[in-house]
1. If you check ILE400, ILE406, which single one turns out to be out of contact with any Cys (no Cβ under 6 Å at 6 or more places or on another chain), part of a helix (DSSP H, G or I), open to solvent by less than 70 Å² (accessible area, probe 1.4 Å) and more than 25 Å from LEU143 (Cα to Cα)?
2. If we scan the range 284-302, do we find a residue that is farther than 23 Å from LYS173 by Cα, open to solvent by 40 Å² or more (accessible area, probe 1.4 Å) and not in a helix (DSSP H, G or I)?
3. Being surrounded by 16 or more Cβ atoms within 10 Å (Cβ to Cβ) and either touching a residue at least 40 places away in the same chain (Cβ under 8 Å) or part of a helix (DSSP H, G or I) (or both) is the requirement here; does PRO385 meet it?
4. As an exercise: evaluate GLU332 against (1) open to solvent by less than 60 Å² (accessible area, probe 1.4 Å); (2) more than 30 Å from GLN415 (Cβ to Cβ) and give the number of the one condition it does not meet.
5. Looking at the range 25-37, is at least one residue in a loop (DSSP other than H, G, I, E, B), open to solvent by 50 Å² or more (accessible area, probe 1.4 Å) and without any contact (Cβ under 8 Å) to a residue 60 or more places away in the chain?
6. Go through the range 64-101 residue by residue and tally those that are of a type in the set (A, V, I, L, M) and modelled with pLDDT under 95.
7. Suppose we filter the range 232-263 for residues that are over 18 Å from PRO191 (Cβ atoms), among the polar types (S, T, N, Q) and outside any loop (DSSP other than H, G, I, E, B); how many remain?
8. Identify the residue in the range 260-283 that is open to solvent by less than 20 Å² (accessible area, probe 1.4 Å) and among the hydroxyl-bearing types (Ser, Thr, Tyr) and, among all such residues, is nearest to LEU101 (Cα to Cα).
Amino acid sequence: MNMQTAIVPAPPPARNLSDTGLSIVMMRDILLKTMFRMNLDLVSDLEKVLCLPGRVVQELIDMSRDQGLIEAMGTLHAGATTNEMGYQLTDTGKARALDALSQSEYYGAMPVPMEEYGKQVKRQSIRNITMTRGQLTGAMGHLVLPDDLLDHLGPAVGSGRSILMYGPPGNGKSSISNGIRDALGDKIYVPRAIEYSGQVITVYDPIVHTSAEEAVDNGNSLRRSSMKYDRRYVLCERPTVITGGELSLDMLDLVYNATSRTYQAPLQLKSTGGVFIVDDLGRQAEPPQALINRWIVPLEESKDILALQSGEKFEVPFDTLVIFSTNFHPNEIFDKAALRRIFFKIKIDGPSQEDYLKIFAMVARKKKMPLDEAALVHLLKKKYPTIDNIYANYQPIFLIDQMIAICEFEGIPHQMSPELIDRAWANMFVREEHIEH
C-alpha cells in the first residue's frame, strides 16, 4: 500500500575512512576480525560484508599492511573469474584479531556512529509523513469502520504522536493498528548496527524489518544502487513492532550478550521511524501505569535513555508512533498525569446493527458461505436480545467458522440455518454456573 510520495533522503556513502565517523582502530579491528572469522581475502568480498565502498576497504587494508597486520598474497590464487589481489592476516594480524575478539565478538558490517544515526532519524522522521484520508481508507478498505473513526484516526497518525485506542474486546483495535502501519507506505534506512562509546549495538532485525532492497536491486543494478547510499543501512519498509501481554520493562532495555560482549537494540529502538503497538495493555505482568511511566520522557522529548553494562547512560533518538490498545477504560488503569501525556485517545466501539450485517455478509462471501434470511432473522431477533443487542466485530467470523466446522462434521454442504446459528452461538459464550472442584 505504497501511497507516500515523498522520498526519504538517503544517507550518503562514505568516500574515505574519515567519512564513516568511526575511529581508525575500531574499523581496523572489525576488518581483522571479519577476515579471521569469515576467512575472506578479496576486497570485493570484504566490501559486501563490511558494507563499505571498495576504495574505503582498500584504504583500510593498505593502512593495516603498513602496520604489519595484513600481507598481500599476490594474484597467484586468482581463478578464471578474477585477477584481484588477495590478502591474508600476518601472525601479528591474527594475534590482534584474537585480542579484539576477546573484547567483542562483533564483526561484519561497520556500525554507524550514534550521532550520524540521529541525523538520519531526523531526515526520515515518522513526524515528517503526511497522512491523507485516501491513504488511510485505502489501507483499511478491508475493514468496516464508522465514518467518524477515520476523522479521529487521521490527524492522530499524521501527527506521529502517541495514540490510545480503547473499547470492548473483539472490535478490531489490532486490525486498525495494522492498517495504520500499512498506510504509512514509504521506506526508510535502518542501520545494521550503531556505535556509541566504542560499543556496538545491532539494530537491523529481519524479524522486525522488512528489507525493500530486493525491489531495487537485481543482478545488474546492484552495484549502481549500492553507490546511491551508505550500505551500512538497509532500505526497509517502516518497521512495526507488536507486543502484547508478554511485554515487560526489561524488554525496553539494551540486551547484552555476555558471551559475545555485544548489545542488541531494544524493541522501541528497532521500531524507530515506524510503529510500536502495545496490544492488550493491562494484561502484562507490569502495571499499565509503570509501562506508561517508562515512556513519559521518550514521548515528550523524542529521546530515550539507555544504559551500557558499565552503567553509563546515553541518549538515543525516539521517533516512533506508539499505539496503546486496551479493553479497559483508561481511567481504570492510568492516572490523569499519564493520560495527559498520551496525545490522542480514541474509543473503538462495537459496530451498529447495519455495520454488523455488512461485516457478516463480507465474511460469508469470503468464506463462500451462502446467506440465509431465516438464519439472519433468527440471529438478530432471538439471539442478540439475550446479550442486550451488543454487537462485536469478531462475532461474524466466529459464527461462520463454527457453522462451517459443523457442516463439515455432519457431511453436508456449507449452509446456515436457525439450528446451525443456535449450535454456533452456544460456543461463543460460556454459561455462568458453579462447577464443584
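1. Numbers: ILE400 fails: more than 25 Å from LEU143 (Cα to Cα).
From the options ILE400, ILE406, the qualifying one is ILE406.
2. Yes, that holds for at least one residue.
3. Numbers: surrounded by 16 or more Cβ atoms within 10 Å (Cβ to Cβ): no; either touching a residue at least 40 places away in the same chain (Cβ under 8 Å) or part of a helix (DSSP H, G or I) (or both): yes.
No; evaluated as a whole, the condition is false for this residue.
4. (1)
5. Here is the first cut: in the range 25-37, the residues in a loop (DSSP other than H, G, I, E, B) are none.
Scanning the range 25-37, I find no residue that is in a loop (DSSP other than H, G, I, E, B), open to solvent by 50 Å² or more (accessible area, probe 1.4 Å) and without any contact (Cβ under 8 Å) to a residue 60 or more places away in the chain, so the answer is no.
6. 6
7. Residues that pass the stated criteria total 2.
8. Here the residue is TYR263.
The values are calculated or read from the model by the stated rules, or taken from the named source; none is laboratory data. Keep in mind the model is a prediction, meaning the values are calculated, not measured. Note that we place each Cβ from the backbone using ideal geometry, even for glycine, and neighbour counts take in every protein chain shown. For the accessible areas, the whole protein counts, side chains as well, though only heavy atoms, and no ligand, DNA or RNA atoms are used. Shrake-Rupley method; radii C 1.70, N 1.55, O 1.52, S 1.80 Å.
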